[in-house]
Structures are given as C-alpha cells and as structure tokens.
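Colleague: The structure under discussion is supplied below as structure tokens; questions concerning it will follow.
The values are calculated or read from the model by the stated rules, or taken from the named source; none is laboratory data. Here the structure is a predicted model, which means the values were calculated and not measured. Here the Cβ positions follow ideal geometry from the backbone for every residue, glycine too, while neighbour counts run over all protein chains shown.
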Amino acid sequence: MYRPLISGIRKSGSGFSHSRFFLAALFLLSLLVLCLGGCQRKPSAASAQISDVGFFFDTVVELRLNGTDKQDLIDECFRKMGDYEAILSRTREGSDVWKINQSAGEPVEVSDDTAALIELAQKYYELSDGAFDITVAPYVTIWDFPNNTGNVPAKASIAAARIHVGSSLLHLDGNTVTLDDPRSSIDLGGIAKGYVADRLKEFLVGKGVESGYINLGGNMLTIGTKPGDVPWNIGIRRPFGEASDTITTVKVDGLSVVTSGTYERCFEKDGTIYHHILDPASGYPVWNGLSSVTILSESSVDGDALSTSCFVLGLDRGMELVESLDGVEALFITDDEELHYSTGFPRDTDSATSPSSF
C-alpha cells in the first residue's frame, strides 16, 4: 500500500516515443545520477536484465529491471506514464490540470490520482510553511524557463501575478477542485514525477520485480538492490559541472534520490543566474546561497516535494525540517560547493577519489 511520509509522523522529542533518438540524451542523463558497473553478457534467467527509454513529462525517462526479460512490464509502465501525463500536464489541453486552470473559478471534477496529488501538495504546503506551493503557476508561465534564453520578466508583471498565488485559494472536496480566484492556476511539476515513480514501483513490485530502477528525468527510485545484494551507487551531480561530473555518491537500497538544483533550468543575464526554483512569496528565483538539495526517502513523492521545499526554505530551516521527519535525509550543497549533510545521510568517504559506479 502506498504510504507517503507526508501522511505522517514527525520525530518525537508529452507523449512517449520509443525512438532511439533519445538514447544519446539518456546516456548523458544517466551519467548525471548513476553509472552501471559489471555489465553482463547473455544472461541466465536468474540474471536477466531489460531496460528501455521513453520521453514523458518533457524529459527522457529510463526503466531498468533485473531478473526479468519481460518487455511487456516496461511497455505497461510507459502506457501508465502516458496516462498520467494526459491528466497531470499543465500544458496539455484536456488534462485535469488544464481544466482546473481554465475553469475561471468554477468547480472541476478530477480523477482519483489528480485529487490524491493535490491533497498531498496541500499537506506539503502546510509542512513547509508555504515554501511548497502548486499555485505558483502564474509565475511559471511568466518565466517560461523551458524556452527562456534570457528574458527577465518585468517587475510589474510579477507583482500582478503575485495576487493570484496562494494555496489558500485552492480547495479540494473529494474529487472536486475549486480555485477561488478565476485567474489563479496550478502546476504539479514539482511533485508529479515523484508520485508517478511511486505508482510505477508499486506496479512492478506487484509483478514480482525485486531489482531495478525508475529514472524519471533524474528523479531516481530504486527497487531493492543490484544483483548480488549490492546497493545502488548513485552520483550526485556537481552543480554547473558536466553531466558526468559528480561531487559525491550515495549508496541506497530501495530508496528514492531526488535533487533540485539551480543548474537544471536556468539562464544568466548581467552576471546573475536566474533559475526555475521560484519563491512563492516573491515570484523570483530563490537566491539563498544554495546550489542544490538532494533528498533520500522511501517515497519519491516525498523526495520531489521536499527537495523543492528545503531549497526554498534555505540551509538552516530546510535542514531543521529534514531533521524533524522520520525516514528522510538530505544533502545541501552551497554555492561554494560545501556539502552539508543531515544526521543520518550515508556519506561516501571514497567519492572524492573514486568515480561513481552504479
């Protein structure tokens, strides 16, 4: 059963394509977060392995399964991703999110998954004191980071959008979503990939998969360990370094590893880096001395939302939030490339001298 940490407990005290066009891009992406070591030749049934790539949520995705050669499992995961994208995409006409944003304040009936995701988002909003807010869509539209090569929006435009931002304007009653302000809108981009990854893992484990990983554009969710009961070794990218340049690595067993960083979608103008992690309170990119935040958690939706939340909160408040939660660890990297670990983060003392191997 799906049990995101957010339900819980503080410490006491655009469509898929099989085209191999994406393979080169996937290679670079995979080097960012992991490298597979010990590639096996023609496998036995016990050591069978299968992987495939696709394109969803505006990013290259990869699934790798160990101990099986059933392509139909991956095909079904791709089908599911297409279904999720069709209801959760902000820009796809006819999606649940599109209908909400076009509703002009009228109630909208949404799917169970959309309702569950919005409910989770509201809980993260409360947990983070407003640092995580899916109603930032008016800002997201203005900045348009996927296509913006150097346009800083006018202050007046951001100020005008600010009055339409705030999760207090969003209401969920069962499967009915209402935005009080007809000009408000939502964006689930900061949480959807984690939610989908969790659903895919739930499906694959239910089909008997015991080892593998789900890589949704750098949102890594592992299943069990590598063959031979060896932990997955996942590289954390050096901010603004090459895709293959890791600053450290982390060994995990069945956990999610999600990073939010200033280098992911950004542009530079007049010596200032403008990046896609926006402060809900101001409408501008967050400038607080952080370059990235990596979250380790059992649930990928937790990692997705908390990586953004902690980045917006900053090093001190973000670390305080992480330390208050069971089952969550974090690595904060500051602009000077100093690494700050939460108490239980599994540090890799060899990463400075050894390349990342998966």
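Colleague: Output the residue which, of all residues in the range 138-164 that are part of a loop (DSSP other than H, G, I, E, B) and over 12 Å from Arg265 (Cα atoms), is farthest from the chain's Cα centre (by Cα).
Modeller: Filtering first and then ranking leaves Ala154.
Colleague: Here's something else I'd like to know. Residues in the range 182-195: is at least one of a type in the set (Ser, Thr, Tyr), surrounded by fewer than 22 Cβ atoms within 10 Å (Cβ to Cβ), outside any loop (DSSP other than H, G, I, E, B) and touching an Asp or Glu at 6+ places or on another chain (Cβ under 9 Å)?
Modeller: No: the range 182-195 contains no residue that is of a type in the set (Ser, Thr, Tyr), surrounded by fewer than 22 Cβ atoms within 10 Å (Cβ to Cβ), outside any loop (DSSP other than H, G, I, E, B) and touching an Asp or Glu at 6+ places or on another chain (Cβ under 9 Å).
Colleague: Working only within the range 298-321, note down all residues that are assigned to a loop (DSSP other than H, G, I, E, B), small (Gly, Ala, Ser) and more than 13 Å from Asn288 (Cα to Cα).
Modeller: The answer is Ser299, and nothing else.
Colleague: Also, I was wondering about something else. Report yes if Arg265 is surrounded by fewer than 19 Cβ atoms within 10 Å (Cβ to Cβ) and either within 14 Å of the chain's Cα centre (by Cα) or among the aliphatic types (A, V, I, L, M) (or both), otherwise no.
Modeller: Yes; evaluated as a whole, the condition is true for this residue.
Colleague: Something else: Within the range 68-85, track down each residue that is crowded, with 19+ Cβ neighbours inside 10 Å and in a loop (DSSP other than H, G, I, E, B).
Modeller: If the condition is that a residue be crowded, with 19+ Cβ neighbours inside 10 Å and in a loop (DSSP other than H, G, I, E, B), then Thr68 is the only one that fits.
Colleague: Then there's this: Could you please find all residues in the range 216-275 being farther than 14 Å from Thr294 by Cβ, modelled with pLDDT under 90 and hydroxyl-bearing (Ser, Thr, Tyr)?
Modeller: Residue satisfying the conditions is Ser244 alone.
Colleague: From Gly235, Gly241, grab the single residue that is in a strand (DSSP E or B), small (Gly, Ala, Ser) and closer than 29 Å to Glu337 by Cβ.
Modeller: Every option except Gly235 fails the conditions.
For every residue, the table says whether it meets (1) buried (at least 18 other Cβ atoms within 10 Å of the Cβ); (2) farther than 21 Å from Leu216 by Cα; (3) at pLDDT 95 or above.
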residue	(1), (2), (3)
Gln49	no, no, no
Leu65	yes, no, yes
Leu120	yes, no, yes
Asp133	yes, yes, yes
Ala137	yes, yes, yes
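Colleague: Next up: Tell me which residues, restricted to the range 86-133, are assigned to a helix (DSSP H, G or I), over 26 Å from Cys310 (Cα atoms) and acidic (Asp, Glu).
Modeller: Those that are assigned to a helix (DSSP H, G or I), over 26 Å from Cys310 (Cα atoms) and acidic (Asp, Glu): Asp96, Asp112.
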